[in-house]
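K.L.:
Just passing along the structure, written as structure tokens.
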Number of protein chains: 2
Amino acid sequence: VASNDDKALQNLLKEFHYADIAEILDELNLEQAIYVIKLLDSETTSDILMELDEDNREKVLKNLTAKEIAEEVEELDTDDAADIIAELPEERQQEVINRIEDEDHKAEIKELLAYDEDTAGGLMAKELVKVYETWTVAGCLRRIRGQAKEVTRVHSIYVVNKEEKLIGRLSLKDLIVAKSEQKIADIYITSVDYVDVNEDVEEVARVMAKYDLEAIPVVDENKTLLGRITIDDIVDVLKEEADKDYQMAAGITGDVDSDDSILQLTRARLPWLFLGLLGGIGAFIIMEGFQEAFSKYAVLFFFTPLIAAMAGNVGVQSSAIIVQGLANDDVKGSVNSRLLKEMLLAALNGLILAIFLFLFVWLYNGEMDKALAISTSLVAVIIIAGLIGTFVPLFLDKRGIDPAIATGPFITTSNDILGILLYFWIAKMILGI
Amino acid sequence: VASNDDKALQNLLKEFHYADIAEILDELNLEQAIYVIKLLDSETTSDILMELDEDNREKVLKNLTAKEIAEEVEELDTDDAADIIAELPEERQQEVINRIEDEDHKAEIKELLAYDEDTAGGLMAKELVKVYETWTVAGCLRRIRGQAKEVTRVHSIYVVNKEEKLIGRLSLKDLIVAKSEQKIADIYITSVDYVDVNEDVEEVARVMAKYDLEAIPVVDENKTLLGRITIDDIVDVLKEEADKDYQMAAGITGDVDSDDSILQLTRARLPWLFLGLLGGIGAFIIMEGFQEAFSKYAVLFFFTPLIAAMAGNVGVQSSAIIVQGLANDDVKGSVNSRLLKEMLLAALNGLILAIFLFLFVWLYNGEMDKALAISTSLVAVIIIAGLIGTFVPLFLDKRGIDPAIATGPFITTSNDILGILLYFWIAKMILGI
């Protein structure tokens, strides 16, 4: 590939989709990637840039001049352009913006950069097709031809009144089916979903998924039409969200993937492992504290890994289902009824498992009182673990904290310690020590 | 709401979006829900049906006659119609199909029911806008007006030759911008992404997300155009996939949510807990086996929960990142380089944690040899746990098994046992017992 035959390479790459070229570039080293990018025209390269891994994009952009970046940015839709610029270091941002030649594009990008990236404003694009209610269908079609050239895909046509306020929508289909002399005011659909520019992106994703929307207009507090968000951006939001929650549940913070450096991965993983270590030390201290009391019952100590594992597993199961329910907005009913349900569920699971454990210990060990002590504590530990796993995410959510942090190592570690403590307490009571 | 004032209720509900009505119905009891559904016209109720919880939909459908269901189904797009019918018991399926009056709709639904629900065929709809390359733009617009009435949203217009083979695409925008006397053959875009009717839905989702597509045509092995898949169906697929993986990682199988019955939840959770119980019994047997050898070193037993927790946490971290990488298709390089990287990463993490643990045990306990034994084993356990967490999902994936089952309780339990075993072996060696 990199045998320096520019013409052949150019022709070859013309056949590929930009997403495929981006995938190839992610595999090449930096020098080769920049060589290929400089070969291609800025329309293709700007699309490729958007598809590159974030880390690779950063490296490539470092090797382009502000003028070259500005050229790429001019080819992109405003939302993608703003995203690229936002990734640059601050002093370069201003430099690149100043180099953008198209004044409208420049102003729109500046506007978008002002919004928080986690809000509708940070996700929206300025490109949209807008018509006034006073236009006729024929006039509309004529002007749309002009506007539509800038918009990659026309989803919906937004209808505004003369104060630029959103009053309805039209589909291209409606426009084609309508007679050319009709007024927009007579044919537009007044029911239109929209989101506020400061709305959280996760909420936008929820609204769009719920109503099966492919694009949604974004307005300010006066209902002035500001931009639109398309479903492909939402797909990315949903994917990122799911990946983040999944990693969080596994005890990995920060957005890492398997190709990141060992140092980045250590930074994402070590804090949670450290938490686990502290939990283990806590368990050690508890067990040491019970050492004398149970000096005749050494066998009880051999069940602590079992107790800890069960407490951890039950906690993770119940917190995962609550965290997911909260994310999907389908946790209904009061906290109390939720806790009662989890208690019954944990009691049922615990009972089944305890009967099995009782039989095993009894048959293996021959001592019914120990078997009873161990299996009774197991039921109690499972119930408490289930309640904690349910309560903690609900509590965090009420407090406005992302409940996802309550899954994984956090729940496992706290349930480990509490489970072991509970286990020895109950065993002590039952054995009458 | 249910004060039997039909007229007032009808008027009230007219103001709501069908997705909102579905949400309200999910909260009502069955009798009330059916009462409300019978009040509304079949166009609205069919949309509501699609939005109901699967469990509630099943109950509602049980209370409708085959004729009533057929009426609902006639209002739906073919893909949704086929989904609803597929949920019915087999004898009712035939009954409902026979009651569908529109013969074309009936034939299309029958065709869709024949495809596996996890393939492109199972997801596609028959509704699409298709033009022949020989048509003119003006003729095209005229005929599209007819076709488009059936299609809720026009994404792309697919261009076929006279053998009905897919040869390209057009957007409504292209058609509007073109001159009316031009031939389709002169203006259509030849590069068109498509998927085979037997393609796996997850692969379809990957293709659509990668190329930012909002709709993709589905073809058979002769490239004959069969249907199309839209991005809103893909959003659902992605969400289901993410939810399933998340639950799997937490030790929950089957598609349950927090509102399912205690019995359903038990069925989804108990098997994994039972696995954990067996693991705990395994740990007990190992510890008992080492009891005599370590009779003078009782303190070592108090660190087993720590060792087990660390082995479990590291295993989950490394498997989660591999499973996610495999799902996103960005695990590159050989298995060996992957394992080497994980080994270095685990060694680094392990070393940092071991130094901390060594200092703790030494200062707390005053015995350096024990501190050394415990912390050395910790490093070894972390490395092995990381390697297992990396290797198992890669191995399963190579074998064509979903690597997601290797996360959560599976990895935790096997790492628990192995970790404890390794711990005692190494401690035995270092302490020279």
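K.L.:
So in the range A:389-433, with the set limited to residues that are within 12 Å of chain B (Cβ to nearest Cβ) and not in a helix (DSSP H, G or I), which one is nearest to residue A:334 (Cα to Cα)?
P.N.:
Only one residue fits best here, namely A:407.
K.L.:
Right, something else. Restricting attention to the range A:11-34, does a residue exist that is touching a His at 6+ places or on another chain (Cβ under 7 Å) and closer than 20 Å to residue A:127 by Cβ?
P.N.:
So the first thing to find is which residues in the range A:11-34 are touching a His at 6+ places or on another chain (Cβ under 7 Å), and the list is none.
No: the range A:11-34 contains no residue that is touching a His at 6+ places or on another chain (Cβ under 7 Å) and closer than 20 Å to residue A:127 by Cβ.
K.L.:
Same structure again: For the range B:47-55, indicate whether the set of residues that are buried (at least 16 other Cβ atoms within 10 Å of the Cβ), more than 27 Å from residue B:256 (Cα to Cα) and either touching a helix residue (DSSP H, G or I) at 6+ places or on another chain (Cβ under 9 Å) or not assigned by TED's automatic domain parsing to the domain that holds residue B:215 (or both) is non-empty.
P.N.:
The first filter runs over the range B:47-55 and keeps only residues buried (at least 16 other Cβ atoms within 10 Å of the Cβ), leaving B:47-53.
Subset that is more than 27 Å from residue B:256 (Cα to Cα): none.
Checked against the condition, which is being buried (at least 16 other Cβ atoms within 10 Å of the Cβ), more than 27 Å from residue B:256 (Cα to Cα) and either touching a helix residue (DSSP H, G or I) at 6+ places or on another chain (Cβ under 9 Å) or not assigned by TED's automatic domain parsing to the domain that holds residue B:215 (or both), the range B:47-55 yields no hits at all.
K.L.:
Of all residues in the range A:197-221, which are more than 11 Å from chain B (Cβ to nearest Cβ), not in a helix (DSSP H, G or I) and not polar (S, T, N, Q)?
P.N.:
Taking the range A:197-221 first, the residues more than 11 Å from chain B (Cβ to nearest Cβ) are A:197-204, A:216-221.
Subsequent filtering for residues that are not in a helix (DSSP H, G or I) retains A:197-200, A:216-221.
Answer for the range A:197-221, where residues must be more than 11 Å from chain B (Cβ to nearest Cβ), not in a helix (DSSP H, G or I) and not polar (S, T, N, Q): A:197, A:199, A:200, A:216, A:217, A:218, A:219, A:220, A:221.
K.L.:
Name the pairs: first residue in the range A:69-96 and over 20 Å from residue A:38 (Cβ atoms), second residue outside any helix (DSSP H, G or I) and among the hydroxyl-bearing types (Ser, Thr, Tyr), Cβ to Cβ under 9 Å, at least 6 apart or on different chains?
P.N.:
Close Cβ pairs satisfying both conditions: A:77/A:152; A:79/A:230; A:82/A:115.
Residues checked against (1) within 30 Å of residue B:342 (Cβ to Cβ); (2) touching a Ser or Thr at 6+ places or on another chain (Cβ under 6 Å); (3) of a type outside the set (Lys, Arg):
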{"position": "A:266", "(1), (2), (3)": "yes, no, yes"}
{"position": "A:269", "(1), (2), (3)": "yes, no, no"}
{"position": "A:274", "(1), (2), (3)": "yes, no, yes"}
{"position": "A:277", "(1), (2), (3)": "yes, no, yes"}
{"position": "A:280", "(1), (2), (3)": "yes, no, yes"}
{"position": "A:291", "(1), (2), (3)": "no, no, yes"}
{"position": "A:327", "(1), (2), (3)": "yes, no, yes"}
{"position": "A:334", "(1), (2), (3)": "no, no, yes"}
{"position": "A:346", "(1), (2), (3)": "no, no, yes"}
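K.L.:
Run residue B:118 past the list (1) of a type outside the set (Val, Ile, Thr); (2) under 16 Å from residue B:215 (Cα atoms); (3) touching an Asp or Glu at 6+ places or on another chain (Cβ under 8 Å) and report the number of the one that doesn't hold.
P.N.:
Among (1) of a type outside the set (Val, Ile, Thr); (2) under 16 Å from residue B:215 (Cα atoms); (3) touching an Asp or Glu at 6+ places or on another chain (Cβ under 8 Å), residue B:118 violates only (2).
K.L.:
Just a yes or no: is a residue in the range A:162-176 within 14 Å of chain B (Cβ to nearest Cβ) and surrounded by fewer than 18 Cβ atoms within 10 Å (Cβ to Cβ)?
P.N.:
Of the range A:162-176, the ones within 14 Å of chain B (Cβ to nearest Cβ) are A:169-176.
If we keep only those that are surrounded by fewer than 18 Cβ atoms within 10 Å (Cβ to Cβ) as well, we get A:174.
Yes, the range A:162-176 contains at least one residue that is within 14 Å of chain B (Cβ to nearest Cβ) and surrounded by fewer than 18 Cβ atoms within 10 Å (Cβ to Cβ).
K.L.:
Next question, about the same structure. Return the residues of the range B:106-115 that are touching a residue at least 24 places away in the same chain (Cβ under 8 Å) and either farther than 28 Å from residue B:143 by Cα or buried (at least 22 other Cβ atoms within 10 Å of the Cβ) (or both); say none if nothing qualifies.
P.N.:
Of everything in the range B:106-115, those that are touching a residue at least 24 places away in the same chain (Cβ under 8 Å) and either farther than 28 Å from residue B:143 by Cα or buried (at least 22 other Cβ atoms within 10 Å of the Cβ) (or both) turn out to be B:109, B:112, B:113, B:115.
K.L.:
What is the number of the single condition among (1) crowded, with 22+ Cβ neighbours inside 10 Å; (2) free of Cβ contacts under 8 Å to residues at least 60 places away in the same chain that residue B:251 does not meet?
P.N.:
The single condition residue B:251 does not satisfy is (2).
K.L.:
Would you point out the residue of the range A:361-388, among those that are within 11 Å of chain B (Cβ to nearest Cβ) and under 44 Å from the mean Cα position of the chain (by Cα), that is surrounded by the most Cβ atoms within 10 Å (Cβ to Cβ)?
P.N.:
Keep residues of the range A:361-388 that are within 11 Å of chain B (Cβ to nearest Cβ), which gives A:361, A:364-365, A:374-375, A:378, A:382, A:385-386.
From what's left, under 44 Å from the mean Cα position of the chain (by Cα): A:374-375, A:378, A:382, A:385-386.
Numbers: A:374: 27, A:375: 23, A:378: 29, A:382: 28, A:385: 32, A:386: 28.
Out of the qualifying residues, it is A:385.
K.L.:
Next question. Can you list residue pairs whose Cβ atoms sit under 7 Å apart, with the first residue in the range B:355-383 being without any contact (Cβ under 8 Å) to a residue 12 or more places away in the chain and the second being surrounded by 16 or more Cβ atoms within 10 Å (Cβ to Cβ)? Count only pairs 6 or more apart in sequence or on different chains.
P.N.:
Sorted first by the residue in the range B:355-383, then by its partner, the pairs are B:356/A:277; B:360/A:281; B:362/B:371; B:368/B:362.
K.L.:
Right, next: Can you pull out the residues in the range A:274-285 that are in contact with a helix residue (DSSP H, G or I) (Cβ under 8 Å, 6 or more places away or on another chain) and surrounded by fewer than 22 Cβ atoms within 10 Å (Cβ to Cβ)?
P.N.:
Of everything in the range A:274-285, those that are in contact with a helix residue (DSSP H, G or I) (Cβ under 8 Å, 6 or more places away or on another chain) and surrounded by fewer than 22 Cβ atoms within 10 Å (Cβ to Cβ) turn out to be A:274, A:275, A:278, A:281, A:282.
K.L.:
Then there's this: Being of a type outside the set (Asp, Glu), at pLDDT 85 or above and more than 21 Å from residue A:78 (Cα to Cα) narrows it down to one of A:201, A:192, so name that one. Quick ask: steps written out before the conclusion?
P.N.:
Working: A:201 fails: more than 21 Å from residue A:78 (Cα to Cα).
Result: A:192 is the single residue among A:201, A:192 that is of a type outside the set (Asp, Glu), at pLDDT 85 or above and more than 21 Å from residue A:78 (Cα to Cα).
K.L.:
Which numbered condition in (1) more than 19 Å from residue A:429 (Cα to Cα); (2) touching a Gly at 6+ places or on another chain (Cβ under 9 Å); (3) crowded, with 22+ Cβ neighbours inside 10 Å is the only one that residue A:404 fails?
P.N.:
Going through (1) more than 19 Å from residue A:429 (Cα to Cα); (2) touching a Gly at 6+ places or on another chain (Cβ under 9 Å); (3) crowded, with 22+ Cβ neighbours inside 10 Å one by one, residue A:404 breaks only (2).
K.L.:
Step by step: first the residues of the range B:232-244, then only those that are in contact (Cβ under 8 Å) with a residue 24 or more places away in the chain and within 25 Å of residue B:160 (Cα to Cα), then the one that is farthest from the other protein chains (Cβ to nearest Cβ). Which residue is that? Break it down stepwise before answering.
P.N.:
Initially, the range B:232-244 is screened for residues in contact (Cβ under 8 Å) with a residue 24 or more places away in the chain, giving B:233-234, B:237-238, B:241, B:244.
Subsequent filtering for residues that are within 25 Å of residue B:160 (Cα to Cα) retains B:233-234.
Values: B:233: 9, B:234: 7 Å.
Going through the qualifying residues, I end up with B:233.
K.L.:
A follow-up question, please. Kindly provide the set of residues from the range A:325-344 that are within 23 Å of the chain's Cα centre (by Cα) and exposed (fewer than 15 other Cβ atoms within 10 Å of the Cβ), ordered by number.
P.N.:
The initial filter retains those residues of the range A:325-344 that are within 23 Å of the chain's Cα centre (by Cα), namely A:325-332.
The answer is A:328, A:329, A:330, A:332.
K.L.:
Next question. Residue check, residue A:224 against (1) away from chain B (no Cβ under 13 Å); (2) among the hydroxyl-bearing types (Ser, Thr, Tyr); (3) without any contact (Cβ under 8 Å) to a residue 24 or more places away in the chain, all met but one. Which one?
P.N.:
Going through (1) away from chain B (no Cβ under 13 Å); (2) among the hydroxyl-bearing types (Ser, Thr, Tyr); (3) without any contact (Cβ under 8 Å) to a residue 24 or more places away in the chain one by one, residue A:224 breaks only (3).
K.L.:
Residue B:229 versus (1) surrounded by fewer than 18 Cβ atoms within 10 Å (Cβ to Cβ); (2) under 21 Å from the mean Cα position of the chain (by Cα); (3) more than 9 Å from chain A (Cβ to nearest Cβ): which is the lone unmet condition?
P.N.:
With (1) surrounded by fewer than 18 Cβ atoms within 10 Å (Cβ to Cβ); (2) under 21 Å from the mean Cα position of the chain (by Cα); (3) more than 9 Å from chain A (Cβ to nearest Cβ) applied to residue B:229, the lone miss is (1).
K.L.:
While we're here: Checking residue A:308 against (1) in contact with a Lys or Arg (Cβ under 8 Å, 6 or more places away or on another chain); (2) over 30 Å from residue A:53 (Cβ atoms); (3) surrounded by 22 or more Cβ atoms within 10 Å (Cβ to Cβ): exactly one of these is not met. Which one?
P.N.:
For residue A:308, the failing item is (1).
K.L.:
Let me ask something else. Check residue B:191 against each of (1) without any contact (Cβ under 8 Å) to a residue 60 or more places away in the chain; (2) more than 14 Å from chain A (Cβ to nearest Cβ); (3) outside any helix (DSSP H, G or I) and name the one condition it does not meet.
P.N.:
It is condition (2) that residue B:191 fails.
K.L.:
In the range A:101-120, which residues are farther than 18 Å from residue A:230 by Cβ and in a loop (DSSP other than H, G, I, E, B)?
P.N.:
Across the range A:101-120, the qualifying residues are A:101, A:102, A:114, A:116.
K.L.:
Kindly establish whether residue B:373 is within 22 Å of residue B:413 (Cβ to Cβ) and assigned to a helix (DSSP H, G or I).
P.N.:
On the way: within 22 Å of residue B:413 (Cβ to Cβ): no; assigned to a helix (DSSP H, G or I): yes.
Judged against the criteria, residue B:373 is not a match.
K.L.:
Select from the range A:73-92 the residues that are modelled with pLDDT of 85 or more, buried (at least 17 other Cβ atoms within 10 Å of the Cβ) and assigned to a helix (DSSP H, G or I) and list them in ascending order.
P.N.:
Those that are modelled with pLDDT of 85 or more, buried (at least 17 other Cβ atoms within 10 Å of the Cβ) and assigned to a helix (DSSP H, G or I): A:78, A:79, A:80, A:81, A:82, A:83, A:84, A:85.
The values are calculated or read from the model by the stated rules, or taken from the named source; none is laboratory data. The structure displayed is predicted, hence computed values, not measured ones. Because the Cβ atoms are built from the backbone with ideal geometry, glycine has one as well, and the counts that use them run over all protein chains shown.
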